[in-house]
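Asks: This is the structure I want to talk about, given as structure tokens.
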Amino acid sequence: MLVNITMKVLNVVGARPNFMKIAPIVDQMKLTPDLTGVLVHTGQHYDEGMSDVFFRDLGIPVPDIHLGVGSGTHAEQTARIMVEFEKVCLSEKPDLVVVVGDVNSTMACAIVAAKLLIPVAHVEAGLRSFDRAMPEEINRLVTDSLADLLFTTSRDADENLKREGVDPSKIHFVGNVMIDTLLKHREKAAALRIEKPKQYALVTLHRPSNVDDPKVLGPILQALEEISRTMPVLFPIHPRTQKRVRDFGLSLNNGVRTMEPLGYLEFLNLESSATVVLTDSGGLQEETTILGVPCLTLRHNTERPVTITHGTNIIVGPDEGRILHAFRRIMMGDWKPSGPPELWDGCAASRIVRIIREFRR
Ligand code: UD1
Ligand code: UDP
């Protein structure tokens, strides 16, 4: 009698940083005959520049299933994803659900799978900012408490999980899939012909704690205007932030060149040759660590401490004076990386897929 030994895996994406993380895993699964990957897009992000462009840039196949949930409050968005994803799990009957990162789609799909007794793998497990005012921290805690396979990017994440009582046999330190994607696409991005200033600061901002309060966003924008007196500031603006800038009636001078969010290759090109990056993004703290570009993180904390100990990351917070002080120190050459974090070597996805196959046996 022939037995079907193919393992069916639902790979979940929803928001911008998920696409870079799933791309190398999808690639690896394609090379593995006994794994069938089914790509599910929740539709948390849906603008062309926040979603479709990454499928083209990263060569990710069109999603097999699109849930089309769109935006909403946390409860509305999470609930819509759960309702739609439950139907998918019931009809597809997967052997495993893979979720990445820390967005609402990550947590919502992990809850659904766990309740249907479908094993869950969490890629980028164990990161902790220890700040529950950050919606992502809630998503991380819930997802990790439900996951059967916890793939980590750094040793500190392993320690966080063990401290929370996670069975060490579930924890696998594999490296960083976002860096797999960066290393794969770095040369292609560099080859793009993009007109850009010799020196420039590159900025991204989207954390609710920075952009949802005019008393915080206003001074950050003033700091950017001040920096633009020294060098142009390139600022691809996340849709959440665009909306807030408009709603609060804030404006920026011409030295700050605002633009729509960029595709991955175009953005990586600009990030690689920036003089300095100012950001509140999680992914950018990691990418600048590998690119060797100084990174000022406009937050009070980070869930990615290796980007400070090994990388170029400096935690500055959102205060205008502190941002400008840190920028001037960078201009004086007062920064240096100490080498790439362990296992950020471009092979994380192949380790993940190997462990997933062993999990089945
Ligand atoms: C989400 C994630 C955050 C991640 C970020 C990456 C959660 C809780 N937050 O934040 O962890 O760092 O994505 O970019 O999951 N919007 C559009 N078009 C889109 C998407 C969003 O206009 O394609 C606007 C809508 O007004 C929406 C707002 O942006 O209400 C926020 O979108 P949402 O997905 O809720 O959160 P992000 O701030 O994008
Ligand atoms: N990114 C991009 N275009 C942009 C801004 C960011 O392609 O205009 C990429 C960036 O290089 C990184 C990812 O988006 O790979 C980070 O996503 P984001 O900052 O939205 O989310 P976070 O990492 O904070 O969760």
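Taken together, the values in this text are just the output of simple stated rules run on the coordinates, not laboratory data. Just so you know, these numbers come straight off a predicted model, no measurement behind them. Because the Cβ atoms are built from the backbone with ideal geometry, glycine has one as well, and the counts that use them run over all protein chains shown.
Asks: Residues with beta-carbon under 11 Å from that of residue 294, excluding residue 294: net charge, scoring Lys, Arg +1 and Asp, Glu -1?
Replies: Numbers: positive: 329, 336; negative: 334.
Taking every other residue near residue 294 into account, the sum is +1.
Asks: Continuing with the same structure: Pop out the ³J(HN,Hα) list for segment 71-85 in order, Karplus 6.51 cos²θ - 1.76 cosθ + 1.60 with θ = phi - 60°, rounded to Hz; leave Gly and Pro as x.
Replies: The phi angles translate into 8, x, 5, 4, 5, 4, 5, 4, 5, 4, 4, 4, 4, 6, 6 Hz.
Asks: Can you give the helix-only mean residue ellipticity at 222 nm for the chain, where every DSSP H stretch with n ≥ 4 adds -39500 (n - 2.57) and the sum goes over all residues, rounded to the nearest 500 deg cm²/dmol?
Replies: That comes out to -13500 deg cm²/dmol.
Asks: Let me ask you something else. So how do 91, 273 line up by other beta-carbon neighbours within 10 Å, fewest first?
Replies: So the ranking, lowest neighbour count to highest, is 91, 273.
Asks: Grab the beta carbon distance between residue 36 and residue 345, set R0 = 41 Å, and tell me the FRET efficiency rounded to 0.05.
Replies: Using R0 = 41 Å, I get an efficiency of 0.90.
Asks: Please list the three semi-axes, largest first and in whole Å, of the ellipsoid equivalent to the chain, using sqrt of 5 times the eigenvalues of its alpha carbon gyration tensor.
Replies: Calculated on Cα positions only, the semi-axes equal 34, 21, 20 Å.
Asks: Running Debye on segment 213-361 with equal point scatterers at the Cα sites and no solvent, what base-10 log of I(q)/I(0) appears at q = 0.08, 0.09, 0.11 Å⁻¹?
Replies: Evaluating at q = 0.08, 0.09, 0.11 Å⁻¹ gives log10 I(q)/I(0) of -0.27, -0.33, -0.48.
Asks: Using a cut-off of 13 Å between alpha-carbon atoms, which aspartates and glutamates can reach residue 21, once sequence neighbours fewer than 8 places away in the same chain are excluded?
Replies: In chain and number order, the partners are 102, 124, 180, 286, 287.
Asks: Still on this structure, I have one more. Would you mind telling me which residue in 41, 310, 122 has the biggest mean-square fluctuation in a Gaussian network model of the chain, where springs connect alpha carbons within a distance under 10 angstrom?
Replies: Largest GNM mean-square fluctuation: 310.
Asks: Do you know the relative contact order of the chain, to the nearest whole percent, from alpha carbon pairs under 8 angstrom that are 6+ apart?
Replies: 16 percent
Asks: Which pairs in the list 243/336; 8/170; 30/162 are over 24 Å apart, alpha-carbon to alpha-carbon?
Replies: Over 24 Å apart, Cα to Cα: 243/336; 30/162.
Asks: If you don't mind, another one. So which residue, out of 239, 33, 119, gets the largest mean-square fluctuation from a GNM of the chain using Cα contacts under 10 Å as springs?
Replies: 33
Asks: Another question about this same structure. When a footprinting reagent is the concern and you count Cβ atoms within 10 Å, what order do 19, 173 take, fewest first?
Replies: Details: 19 25, 173 18.
Ascending number of Cβ neighbours within 10 Å: 173, 19.
Asks: Quick one: work out the % antiparallel among DSSP beta bridges in the chain, nearest 5.
Replies: Restricted to the chain, the bridges split so that about 0 percent are antiparallel.
Asks: Amide H to amide H, which residues 5 or more places from residue 38 or on other chains are under 5 Å from it, using H placed in the peptide plane?
Replies: Distant-sequence amide H within range of residue 38: 9, 10, 11.
Asks: Within 10 Å of each residue's Cβ, count the other Cβ atoms and sort 256, 99 from fewest upward.
Replies: Details: 256 18, 99 32.
Final ranking by Cβ density, sparse to dense: 256, 99.
Asks: Right, here's the next one. Using a 10 angstrom cutoff on alpha carbons, build the Gaussian network for the chain and name the most mobile of 133, 189, 201.
Replies: The residue with the greatest mean-square fluctuation here is 133.
Asks: Starting from 0.36 nm per residue, how many nanometres of slack lie between residue 74 and residue 192 once their C-alpha separation is accounted for?
Replies: So the extension gain works out to 38.7 nm.
Asks: Would you kindly derive the ³J(HN,Hα) couplings of segment 55-60 from the backbone phi angles with the Karplus curve 6.51 cos²θ - 1.76 cosθ + 1.60 (θ = phi - 60°), listing them in order in whole Hz, with x for Gly and Pro?
Replies: 5, 5, 4, 9, x, 7
Asks: Under 8 Å for C-alpha pairs, at least 6 residues apart: give me the relative contact order for segment 1-127, rounded to a whole percent. Could you put the intermediate results ahead of the total?
Replies: Numbers: 211 pairs, mean separation 36.1, N = 127.
RCO, segment 1-127: 28 percent.
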